[in-house]
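Working notes, beginning with the structure itself.
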Amino acid sequence: VVGSDTSITKYKIVFLGEQSVGKTSLITRFMYGSFDPNNQATIGIDFLSKTIYPDSNENGSNEKVIRLQLWDTAGQERFRSLIPSYIRDSNVAILIYDITSKSTFEYLDSWYEDIKQQKHDFENQLESGEFIIVIVGNKFDLAEENIESSGDLEGKTLGLIKRQVSFEEGERKAKVLGAKIFIETSSKSGYNVNQLFKQIGEILPEVN
Ligand code: GDP
Ligand code: MG
């Protein structure tokens with residue numbers, strides 16, 4: 001139950017990253033707790049809202065109430081012209097790569113450059129926490145160690161499924177790009193998805 005003295009703060013989160021890294025799937029997993037392997041490619045930009053209670057405890061008291069606006073984007077070239085204005089308006093940019101695709105990881109630098117170009121007073125906003133960068137390595141379920149432990153040797157022998165970016169590389173990149181959060185997730189299994197948004201909620205400033 002939300003008390004009358006609770007203030008609701010709204011934040012805009014934009015999801016950036018190459019096509020197929022799992023932006024739409026991550027949003028779907030967070031919003032609906034489901035995974036649809038046949039989801040449609042995003043056309044342009046979609047947005048959804050969700051309220052989170054990052055401080056909620058077992059007693060059910062929710063000190064902090066945050067309304068997140070999630071802006072999905074499409075990586076295809078023909079939609080890219082739409083993205084800058086969404087970056088400009090955002091409070092948080094989630095840069096996503098696929099841990100089984102080195103190239104999607106390398107493209108983070110170019111997404112970062114886009115942000116830098118669009119964000120007024122970028123360095124100060126980043127430093128003050130007014131604007132937050134988050135790096136997400138998605139498709140954790142496909143990581144080699146998990147395939148080994150689940151006994152699914154087929155994918156391994158075919159060489160189709162393999163981690164190409166280590167956790168440490170991701171962590172280093174996050175540091176270099178000034179990201180406040182680095183996390184590996186799986187939209188398929190749900191691994192760390194709620195954790196990601198909880199961490200974002202915890203560091204968003206409270207503006208009353
Ligand atoms: P987007 O283009 O970044 O929005 O990526 P999508 O969400 O459309 O996902 C692209 C493809 O990757 C789809 O076939 C998804 O089913 C698949 N996918 C997305 N997230 C995951 C994940 O965490 N694990 C696995 N194994 N597949 C995923
Ligand atoms: Mg999509």
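For K139, give me every one of the lysines with a C-alpha distance below 22 angstrom, ignoring sequence neighbours fewer than eight places off in its own chain.
Result set, ordered by chain and number: K23, K102, K156, K162, K173, K175, K180, K188, K198.
Using a 1.4 Å probe, how large is the accessible area of T24, given in Å² and rounded to the nearest 10?
Surface accessible to solvent at T24 totals approximately 40 Å².
The values are calculated or read from the model by the stated rules, or taken from the named source; none is laboratory data. A quick note: this is a predicted structure, and the numbers were derived from the prediction, not measured. With ligands, DNA and RNA removed, areas are computed over all heavy atoms of the protein, side chains included. Shrake-Rupley method; radii C 1.70, N 1.55, O 1.52, S 1.80 Å.
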